[in-house]
Amino acid sequence: MYDITEWKHVFKLDPNKEITDEQLEQLCESGTDAILIGGSDNITEDDVLRLMSKVRRFLVPCVLEVSAIDAIVPGFDLYFIPTVLNSKNPDWIVGLHKEAMKEYGELMSPEEIIVEGYCILNPDCKAAALTDADAEIGLEDIKAYGRLAEKLFSMPVFYLEYSGMLGDVETVKETKAVLTDTVLFYGGGISDPETAAKMAEYADVVVVGNAIYEDFGQALKTVDAVKK
Ligand code: 1GP
C-alpha cells in the first residue's frame, strides 16, 4: 500500500489547466512521490477522468484531491479528502463531507481515503474565498489547528496552504514542532529548487502546483531539491 509518511514531494495538477503529454510524462517520471489531481475552479468529471487516465500510464501513485462531489471518479490509488479547519462555513468542515457520505459512503474503501486537515493561510487565494477561511490568524492559532488535527481528530495530514504565495518558513518550522504522527504538507508559491528546499527543511511533504504551469523547468527541478 501507499505510505504517505515516506513522501517528500507531490505535484498538484489542475484538471482545468493545459499540460502537454511530454510534460506530463516528465512529471510522472521525475521521482515525485505522487501526482495529486485537484483544484477549486470548474472541476469537471470529464477533465478529471482524462487527466487520470494519462497519469495512470505511469507507476507514480495517482491521487484525487476531492473538491467537488460530482467530480469523484473511481480508479485512483488514493482519495484525499480536504476539510478546511479554519473555514467559517461548516459546509467546508463537515457539511459537504456528509453529503458525499450519503452518496458514496457504502462504496468507499477506507484504506483508499486520507483526510487532510487544511489550514488556509493566504487570505487572497481562491480557496480562502471559496471556503470563507479565516486566513489571517497568528502562529498560536495555526499551532492549535495542528494539534487539533493530530491530537483530537487523528488526521493523517495537516496541510499548511499558502496557495499562490510563499509562506513563512518560521511558521512551518513551529507547526512541525507540534506534530508527532500527523504528516505536515506545505503548499504555496514553490517556484524553484531553492524555495522547495527551504520549505522541505521543516515540512514533511512539499506540494508544487502553479509553477508547473508558470515555469515548467524550475518546477521539475523541485523534486531533486527536496529529495537530495
Ligand atoms: C495549492 O498548495 C498547492 O493547493 C500548491 O500551491 O499552486 O502556489 O504551488 P501553488
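The values are calculated or read from the model by the stated rules, or taken from the named source; none is laboratory data. Everything numeric in this text was worked out from a predicted model, so none of it was measured. Glycine also receives a Cβ, built like all others from the backbone with ideal geometry; neighbour counts cover every protein chain displayed. Calculation scope for accessible area: heavy atoms of the full protein, side chains included, ligands and nucleic acids excluded. Shrake-Rupley method; radii C 1.70, N 1.55, O 1.52, S 1.80 Å.
Summary of computed values
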{"item": "Segment 197-228: number of residues that are more than 10 Å from the ligand (Cβ to nearest atom) and among the hydrophobic types (A, V, I, L, M, F, W, C)", "result": "10"}
{"item": "Residue check, Leu107 more than 16 Å from the ligand (Cβ to nearest atom) and either surrounded by fewer than 16 Cβ atoms within 10 Å (Cβ to Cβ) or farther than 26 Å from Ile72 by Cβ (or both)", "result": "yes"}
{"item": "Flag if Glu150 is surrounded by 15 or more Cβ atoms within 10 Å (Cβ to Cβ), acidic (Asp, Glu) and away from the ligand (no atom under 16 Å from the Cβ)", "result": "yes"}
{"item": "Meets criteria (open to solvent by less than 20 Å² (accessible area, probe 1.4 Å) and over 30 Å from Glu22 (Cβ atoms)) for Ala71", "result": "no"}
{"item": "Leading residue by the ranking (most open to solvent (accessible area, probe 1.4 Å)) among those in segment 16-32 that are out of contact with any Lys or Arg (no Cβ under 8 Å at 6 or more places or on another chain) and in a loop (DSSP other than H, G, I, E, B)", "result": "Glu18"}
{"item": "Options Val60, Val48: the member that is touching a helix residue (DSSP H, G or I) at 6+ places or on another chain (Cβ under 8 Å), aliphatic (A, V, I, L, M), over 14 Å from Ile212 (Cα atoms) and within 16 Å of the ligand (Cβ to nearest atom)", "result": "Val48"}
{"item": "Close pairs (6 angstrom Cβ cut-off, 6 or more residues apart or separate chains): under 13 Å from Lys227 (Cβ atoms) in segment 189-202, of a type in the set (A, V, I, L, M) anywhere", "result": "Pro193/Ala225; Ala196/Ile190; Ala196/Val206; Ala196/Ala225; Ala196/Val226; Ala197/Ala225; Ala200/Val206; Ala200/Val226"}
{"item": "Single residue of Asp204, Asp181 found to be modelled with pLDDT of 95 or more, under 11 Å from Val10 (Cβ atoms), open to solvent by 10 Å² or more (accessible area, probe 1.4 Å) and among the charged types (D, E, K, R)", "result": "Asp204"}
{"item": "Elements of type strands (runs of 3 or more DSSP E) in segment 33-134, at least 3 residues being in contact with a Ser or Thr (Cβ under 8 Å, 6 or more places away or on another chain) and in contact (Cβ under 8 Å) with a residue 40 or more places away in the chain", "result": "113-120"}
{"item": "Residue match in segment 185-193 (condition: more than 11 Å from the ligand (Cβ to nearest atom) and in contact with a strand residue (DSSP E or B) (Cβ under 7 Å, 6 or more places away or on another chain))", "result": "no"}
